[in-house]
Amino acid sequence: MRNNISKLLLISVATLISLFIVSMSQADSVKERMAARIPAINSLMDEGVIGENNQGFLEYRSGARPQQDVVNGENQDRSSVYQAIAKNQGASAALVGQRRAQMIVENGKAGRWYQKPDGSWFKK
């Protein structure tokens, strides 16, 4: 009986370690993808094509949608990050995104577009 409990414990620990390693490798790939997009996003933001909305996501400011795959990919990765943080913090992903949006505005670069909590846009 004791031997079976030891085996179950060992299997459980091995499973948790495997899940942790997978999570870490997924986090690394998200980080790498987001870092690779920075130049394209900075360019779009400097041109005023996109801005940071009040939910912590990138949003187009006009009908033109250049590099939509970059913007969509960034927003998908941000969503994954917000969900992971929310799960860890016991909060909603929406709340995490809103808090991140506030941080982005506070630390944001002048000349770029940001969305206020009421939905209106301003150029910093």
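Values quoted throughout were computed directly from the atomic coordinates according to the rules given, and no laboratory measurement underlies them. Since we're looking at a predicted model, the values are computed, not measured. Cβ placement follows ideal geometry from the backbone for every residue including glycine, while neighbour counts extend to all protein chains displayed.
Rounded to the nearest 0.05, what FRET efficiency is calculated for Glu106 and Gln76 with R0 set to 25 Å and r the Cβ-Cβ distance?
Plugging the Cβ-Cβ distance into 1/(1 + (r/R0)^6) gives 0.55.
Net charge near Ala91: determine it from the other residues with C-beta under 13 Å of the C-beta of Ala91, scoring Lys and Arg +1 and Asp and Glu -1.
After counting each charged neighbour, the total is +3.
Count the net charge of all other residues whose Cβ sits under 15 Å from the Cβ of Gly119, scoring Lys and Arg as +1 and Asp and Glu as -1.
My count for the surroundings of Gly119 gives -1.
Measuring from label point to label point, each 7 Å out along Cα→Cβ, what is the Gln98 to Arg33 span in nm?
According to this spin-label approximation, the distance is 2.7 nm.
Give me the net charge for the shell around Gln102: Cβ to Cβ below 12 angstrom, other residues only, Lys and Arg +1, Asp and Glu -1.
Computed value for this residue: +1.
Which of the peptides 65-71, 93-99 is most tightly packed, and how do the rest follow, judged by the mean count of other Cβ atoms within 10 Å per residue?
Order by mean packing, descending: 93-99, 65-71.
If we sort 48-54, 104-110 on the protection proxy, mean other Cβ atoms within 10 Å, highest first, what's the order?
Ranking the peptides 48-54, 104-110 by packing returns 48-54, 104-110.
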